[in-house]
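For reference, the structure is listed below as structure tokens.
The values are calculated or read from the model by the stated rules, or taken from the named source; none is laboratory data. Because the structure is a prediction, the values reported are computed rather than measured. Virtual Cβ from ideal backbone geometry, glycine too; neighbours counted across all protein chains shown. Ligands, DNA and RNA are excluded from the accessible area calculation, which covers all protein heavy atoms including side chains. Shrake-Rupley method; radii C 1.70, N 1.55, O 1.52, S 1.80 Å.
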Amino acid sequence: MKKQFFFFIVISVLLLSCQTAVENKAVEAAIPENPLSLWNDSEVKTAIVDFVEKVTDENSADFVPVKERIAVFDNDGTLWNEKPLYIPVEIELAYIKEVFPNNPEWKDDKMYSAIANDNLDVLKEYSNAELATKLFAAHAGQKEEDYKAFVYNALSTINHRKYNRPLKEVTYSPMVELVDYLQANNFNVFIVTGGEISSVRTVSEEIYNIPIENVVGSSVGYKYIVDESGKYIERQAEISSNNDKHVKPTNIELHIGRKPIFAAGNSDGDYEMMEYTLSGDKPSMAILVHHDDEEREYSYMHGTEKAVQDAEKQGWYVISMKKDFKEIFAE
């Protein structure tokens, strides 16, 4: 009996060792031999690769356990295009135009009626907070499943105003590659966006390989309804969380529960998220995507002045789209 038990233990250990070896090989196979191939060789690319290598090397003093390898990415302007209009705004404009005839009370609403008649100058009359509140309110009383279906269809069929390709395809391929690279190195990657949480979730797995549960964003109130049509979630008018600036770190704590060690943003709205990421006692890194490529994309500073100005002082790496990216969008 003792001999049989001994052989059982030996076989179990061997099987476990084989399984571990196979898993390690699978992880190694997932890591590209030429990481960030869509990036030009530069200080930023070298810094990113060096950071990832040191936090994943068990023999490094900067090694970070897998469970603590949290990376957070803004979406608008960081993972996908945000000009000439934010993609979330494009979605709302399409929705208001489609349902306007079914809402006669909207004829007396200045914003809704102007949008329905393609007068987009009206948007300039509202602050970002006022605009978000008004646009989200258009979905009040809508079933959440219907909202998601509309958003996904809009992202798949509405072409970008400049690039003539569906909105969900104007993602920055070097940044998507960076997400893949981090995931291959056992980072748990999250989107932390000012965009509406459900809308981003409709495509996050498809275009970024980021699970829907890893999306943190602005959100409206919900109501659980039980009526003759069934049981469902209904969208409400009020905004429950405007996930921007100082709210991003609090929502990271609320939804993730771990401080990130890697952050990527592109504007002043990501300032506190990047600042928070570098405030821990673990090795950490933050990168700021700077839109300076007028020929291939856009060149602008509005809304990112403070972040760019303070980047060196804060220890953030500034990515020049013009100098650091071999391409902007996938061919």
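A simple charge model with +1 on the Cβ of Lys and Arg, -1 on the Cβ of Asp and Glu and nothing else charged puts the dipole of region 35-81 at about 120 debye relative to its Cα centre.
Projecting the Cα atoms of LEU288, TYR232, GLY194 onto the charge dipole of the chain, computed from C-beta unit charges around the Cα centre, puts TYR232 farthest toward the positive end. The alpha-carbon of LYS45 sits under 19 angstrom from the alpha-carbons of these lysines, leaving out residues fewer than 8 places away in its chain: LYS54, LYS322, LYS323, LYS326.
Modelled label positions at THR250 and LYS282, each set 7 Å beyond Cα in the direction of Cβ, lie 2.4 nm from each other. Sorted largest first by accessible area at a 1.4 angstrom probe radius, with every protein chain in place, the residues GLU238, GLU275, GLU33 fall in the order GLU33, GLU238, GLU275. Between SER113 and GLN142, the contour length at 0.36 nm per residue exceeds the alpha carbon distance by 8.5 nm. Taking amide H as placed 1.01 Å from N in the peptide plane, PHE325 has its amide H under 5 Å from the amide H of ASN40, each at least 5 places away in sequence or on another chain.
State the extension gain, in nm to one decimal, for the chain segment bounded by LEU123 and THR46, taking 0.36 nm per residue of separation less the distance between their alpha-carbons.
Values: separation 77, 0.36 × 77 = 27.72 nm, distance 4.14 nm.
Contour length minus the Cα-Cα distance gives 23.6 nm.
Can you give me the % of accessible surface on region 171-330 that is carbon or sulfur? Probe 1.4 Å, all protein chains present, nothing else counted. Before the final figure, lay out each step's value.
Details: 3230 of 6850 Å².
Carbon and sulfur: 47 percent of the exposed surface of region 171-330.
Over all directions, the projected convex hull of the C-alpha atoms in the chain averages 23.0 nm² in area. Whole-Hz Karplus values for region 51-59 come out as 4, 4, 5, 6, 7, 9, 8, 4, 8 Hz, taken residue by residue from phi with 6.51 cos²θ - 1.76 cosθ + 1.60 and θ = phi - 60°; glycine and proline positions read x.
Could you state the accessible area per residue of the chain in Å², with a 1.4 Å probe and every protein chain left in place? Display every interim value, and only then the final one.
Working: 16940 Å² over 331 residues.
Dividing the accessible area of the chain by its residue count gives 51 Å².
The residue list GLN183, GLY269, VAL220 was ranked by how far each Cα lies along the charge dipole of the chain toward its positive end, using unit charges on Cβ atoms, and GLN183 comes out on top. Comparing SER60, ILE91, ALA71 along the charge dipole axis of region 30-140, the residue lying farthest to the positive side is ILE91, per the Cβ-charge model. Cross-linked pairs LYS124/LYS259; LYS143/LYS259; LYS231/LYS259; LYS83/LYS245: Cα-Cα separations exceed 27 Å for LYS124/LYS259; LYS143/LYS259; LYS231/LYS259. Please list, ordered by chain and number, the residues whose modelled amide H lies under 5 Å from the amide H of GLY194; skip anything fewer than 5 residues away on the same chain. Amide H neighbours of GLY194: ASN75, ASP76.
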